[in-house]
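Reviewing the structure listed below.
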Amino acid sequence: MTADTKAQTTAGFFPAHVLREYALLADGERGAMVGPRGDIVWLCVPRWDSPAVFSALIGGGSGYSVTPTERFVWGGFYEEGTMIWRSRWVTEQGIIESREALAFPGQQGCAILLRRVIAVEKDGRVRIALNPRAEFGRHGFTDIKRDDRGWWTGRTGDLHVRWSGAPAGTRLVSADGGLFAELDVPAGSTHDLVLEISDRVLPTLPPDPAATWRATENVWRAAVPALDNSLEPREARRSYAVLRGLTAGGGGMVAAATTSLPERANAGRNYDYRYVWVRDQSYAGQAAAAVGAPELLDDAVRFVSARLLEHGPDLKPAYTTTGEAVPDQRELALPGYPGASTLIGNWVNKQFQLDAFGESLLLFSAAGRTDRLDHDGRRALALAATAVAKRWTEPDAGMWEIDNQVWTHSRLICVAGLRAAAPLADTERQSADWLALADRILADTGSHAVHPTGRWQRSRTDRALDAALLIPPVRGGTAADDPRTATTLQAYLAQLTKDGYAYRFRHDQRPLPDAEGSFTLCGFLVALALHQQHRPVEAARWYERTRAAAGPPELYAEEFDVNQHQLRGNLPQAFVHALQLETSVRLNQHPGSGR
């Protein structure tokens with residue numbers, strides 16, 4: 001049976017939705033996307049970058065849904081400070097909820113999906129469809145058995161599957177290999193469903209639902225701090241929980257949970273972000289340092305240190321969560337999310353990005369300022385500084401990974417990193433050398449990359465503006481009162497923002513919203529830059545405008561389509577949540593109180 005045929009046979013249970021309606025369940029090792037019909041349409045097992053076992057999101061035809069049988073309207077919310085989601089449906093007869101989570105913290109190799117159906121008002125009736133298909137739908141659900149305890153077991157590819165709590169009357173539909181059932185839940189009562197998917201033989205007994213729910217609740221409660229020092233503690237905790245949910249046991253944080261969700265329909269801009277970008281990890285670590293939450297900072301330092309100690313000046317921009325090389329990009333024979341082809345792997349594995357060293361230095365410096373930089377971290381810091389000295393004159397792919405140029409942002413962020421790292425140097429001579437190198441890079445960049453109007457330009461040969469140029473002053477690469485800082489910000493606001501939305505750069509002469517979605521990260525960068533310039537009212541306006549660029553689950557994608565008010569790109573985008581978290585605490589401080 002072809003992937004297209006499989007998709008047709010299950011399309012009624014796993015339809016496509018706009019991205020703003022999807023919520024994420026995450027346990028650190030993997031993530032599941034759940035839509036408004038209670039349809040889990042994305043899950044990779046055993047880890048983030050593994051082939052998907054539920055892939056209806058990109059046309060693979062497999063998923064796991066719990067949906068009211070009656071006509072309904074949808075809502076939902078995260079329990080505060082967790083990645084526990086509650087789908088909520090108001091039907092013609094009553095109200096039904098489905099409490100959803102991946103058991104947390106996640107086990108390596110084994111995903112445990114918890115679903116608790118709750119009849120909130122009056123009796124509830126839901127329809128359930130379970131159709132796991134490994135390798136993006138290539139392998140069917142086979143060896144399916146039901147024992148006398150009502151547990152269903154089976155295989156899909158190399159994965160072992162067990163489903164407990166299935167209602168009586170669950171049946172196997174041979175045409176598609178999936179399990180289907182209808183479940184009645186009396187008013188005021190609940191019904192638990194537990195799904196295990198593992199790359200090894202499952203234990204004799206399934207997890208006890210009540211105990212697993214309690215453990216998941218307790219671990220989330222301990223993992224996410226109060227964050228009372230932020231402007232919006234509840235929303236800051238949401239972003240922190242997202243970052244924690246995207247962070248694996250080895251410390252690596254994936255850039256997003258998904259692959260191939262388009263930035264613009266049929267424009268060829270869809271990528272696989274299920275890997276750890278050094279830059280994004282550094283943003284998350286610095287945000288954690290800013291809010292005083294050391295666990296995520298420690299994770300970031302641990303992961304980035306290990307990569308630098310292994311690869312030194314040959315550091316790659318991104319890795320898998322286990323520290324391996326990102327696989328080459330290739331296309332899958334799947335229909336894809338509407339408007340996009342389906343890609344796995346990423347061509348970032350062939351790139352050199354100089355700013356990864358500057359961001360690493362900033363990360364280690366943030367840890368050092370709070371006395372959380374261990375021996376390996378200090379060795380990695382020195383290696384990053386040495387790499388900057390060796391490679392700062394080379395063209396690189398830059399922050400936006402476009403083409404190799406001598407990008408201004410890459411050099412200036414290395415200046416910021418060297419200056420921040422200097423107080424942590426082992427010797428006074430080493431500290432002086434790093435500061436001298438920072439001055440040399442700044443002087444060289446200033447002589448080649450300042451526009452005739454007095455602002456920074458993108459590169460030596462590209463006189464255009466770029467949102468990335470707002471970052472170095474915020475990080476200390478240039479002074480807040482440096483004329484080039486204020487001039488660049490003013491030019492950016494005039495040329496690359498519209499109606500309160502911020503864009504990366506100008507692709508062509510079309511109106512900004514016609515060429516690309518607003519880049520959500522950039523809105524928070526504008527808020528930070530304005531705050532640094534002692535313009536608090538404007539900073540707050542930008543913060544509020546940008547934080548509204550999310551759907552009902554309050555997840556940020558890479559871009560926001562201003563014309564259609566839709567999310568674009570992979571979801572959720574970790575570096576946007578990191579900047580939202582940092583901005584929420586920076587704007588609650590005096591501009592001079594933190595780097």
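Rounded to the nearest 0.05, what FRET efficiency do Arg506 and Asp426 give with R0 = 60 Å and r taken as the Cβ-Cβ distance? Could you check? In this case the efficiency is close to 0.85.
Candidates Gly154, Thr190, Gly81 compared by Cα position along the dipole of the chain: farthest toward the positive end lies Gly81, with charges placed on Cβ. Phi-derived couplings, Karplus 6.51 cos²θ - 1.76 cosθ + 1.60 at θ = phi - 60°, listed residue by residue for the stretch 68-78: x, 7, 8, 4, 8, 10, 9, x, x, 6, 8 Hz, with x used for Gly and Pro.
Of the listed peptides 344-356, 517-529, 202-214, 368-380, what is their order by residue-averaged count of other C-beta atoms within 10 Å, with the highest listed first? Working shown, then result.
Values: 344-356: 20.2, 517-529: 26.2, 202-214: 13.5, 368-380: 15.8.
Sorting 344-356, 517-529, 202-214, 368-380 by mean packing, highest first, produces 517-529, 344-356, 368-380, 202-214.
Straight-distance candidates among the lysines for linking to Lys316, with alpha-carbon spacing under 19 Å and chain neighbours fewer than 8 residues away dropped: Lys350, Lys390. Per residue, the accessible area of the stretch 145-195 comes to 46 Å² when a 1.4 Å probe rolls over the protein heavy atoms.
Nearest 20 debye, what's the magnitude of the dipole of the chain about its Cα centre given +1 on Lys and Arg Cβ and -1 on Asp and Glu Cβ?
Details: 65 positive and 70 negative charges, 81 e Å.
Charge dipole, the chain, about its Cα centre: 380 debye, nearest 20.
Label the stretch 480-595 by shape, choosing from rounded, prolate and oblate, from the square roots a ≥ b ≥ c of the eigenvalues of the Cα gyration tensor; if a/c is under 1.5 it is rounded, and otherwise prolate applies when a/b is larger than b/c, oblate when it is not. Since a/c reaches 1.5 but b/c is at least a/b, the shape of the stretch 480-595 is classed as oblate.
For a straight C-alpha distance cut-off of 26 angstrom, the lysines reachable from Lys145 (same-chain residues fewer than eight places away being disregarded) are Lys6.
If you plug the beta carbon distance of Asp481 and Ala211 into 1/(1 + (r/R0)^6) with R0 = 56 Å, you get a FRET efficiency near 0.45. The stretch 109-143 and the stretch 47-87 have Cα centres separated by 9 Å. From the list (1) 75, 47, 45; (2) 96, 59, 47; (3) 115, 70, 50, can you say which value of Cα extents along the principal axes in Å was derived from the structure given? From the options (1) 75, 47, 45; (2) 96, 59, 47; (3) 115, 70, 50, the structure gives (1).
Just the accessible area per residue of the stretch 37-125, please: how many Å² with a 1.4 Å probe? Walk me through the numbers on the way to the answer.
Values: 2610 Å² over 89 residues.
Normalised by residue count, the accessible surface of the stretch 37-125 is 29 Å².
Secondary-structure-derived ellipticity at 222 nm for the chain, considering helices only, amounts to -10500 deg cm²/dmol, per-run term -39500 (n - 2.57) for DSSP H runs with n ≥ 4.
When you count, for each residue, the other Cβ atoms within 10 Å and take the mean per peptide, how do 55-67, 467-479, 552-564 rank with the highest first? Kindly include the intermediate steps, with their values, before the conclusion.
Numbers: 55-67: 28.5, 467-479: 23.0, 552-564: 21.1.
Those peptides, ordered most packed to least, come out 55-67, 467-479, 552-564.
Given R0 = 22 Å, the distance between the Cβ atoms of Arg391 and Glu310 translates into a calculated FRET efficiency of 0.85.
Fully extending the segment from His565 to Ala226, taken as 0.36 nm per residue of separation minus the present Cα-Cα distance, adds 118.9 nm. Rounded, prolate or oblate: which fits the stretch 116-197 when a ≥ b ≥ c are the square roots of the eigenvalues of the alpha-carbon gyration tensor, with rounded for a/c under 1.5 and prolate only if a/b beats b/c? It is prolate, given that a/c is not under 1.5 and a/b is the larger ratio.
Spatially, the stretch 355-393 and the stretch 433-482 are offset by 20 Å when compared through their Cα centroids.
Of the heavy-atom accessible surface of the stretch 350-470 (probe 1.4 angstrom), what whole percent is carbon and sulfur? The partial results should precede the final answer.
Numbers: 2350 of 4820 Å².
The value for the stretch 350-470 is 49 percent carbon and sulfur by accessible area.
Ranking Leu412, Cys110, His451 by Cα position along the charge dipole of the chain, where only Lys, Arg, Asp and Glu carry charges on their C-beta atoms, puts His451 farthest toward the positive end.
The values are calculated or read from the model by the stated rules, or taken from the named source; none is laboratory data. Please read these numbers as outputs of a predicted model, since none were measured by experiment. Note: ideal-geometry Cβ built from the backbone for every residue, glycine included; neighbour counts use all protein chains shown. Protein only, heavy atoms only, side chains kept; ligands, DNA and RNA dropped before computing areas. Shrake-Rupley method; radii C 1.70, N 1.55, O 1.52, S 1.80 Å.
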